[in-house]
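Below is one structure; the comments refer to it alone.
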């Protein structure tokens, strides 16, 4: 009986941990949707509920996004001006540091920290 209770407790903790991760990603997806601008106010990125994103107002960069295990993943599918900082097919993995009603902060590919304000 003692082993049964221990096994049941361990199984319950595992299920709780897995479901919390899923809920966290769900909430993160809801929170990142919107229009975000750099803290200097130049340019913006629109993250749409349908899983697409684009730069604004020029719309020369666009692609898809998703959240997985707390990582915001941007895939660039369009680069009209062939800019130096992005290429079609590039995938950036951004660890979400903070997201709330007013701010989004993430670390791109383990290197640069990006801070955005909701527009």
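The values are calculated or read from the model by the stated rules, or taken from the named source; none is laboratory data. A quick note: this is a predicted structure, and the numbers were derived from the prediction, not measured. Positions of Cβ are backbone-derived with ideal geometry, glycine not excepted, and every protein chain shown enters the neighbour counts.
Within segment 51-68, which residues are more than 9 Å from the chain's Cα centre (by Cα) and surrounded by 12 or more Cβ atoms within 10 Å (Cβ to Cβ)?
51, 52, 53, 54, 55, 56, 60, 61, 62, 63, 64
Quick one: count up the residues across segment 1-34 that are modelled with pLDDT under 95 and under 12 Å from residue 118 (Cα atoms).
Looking only at that region, the number is 0.
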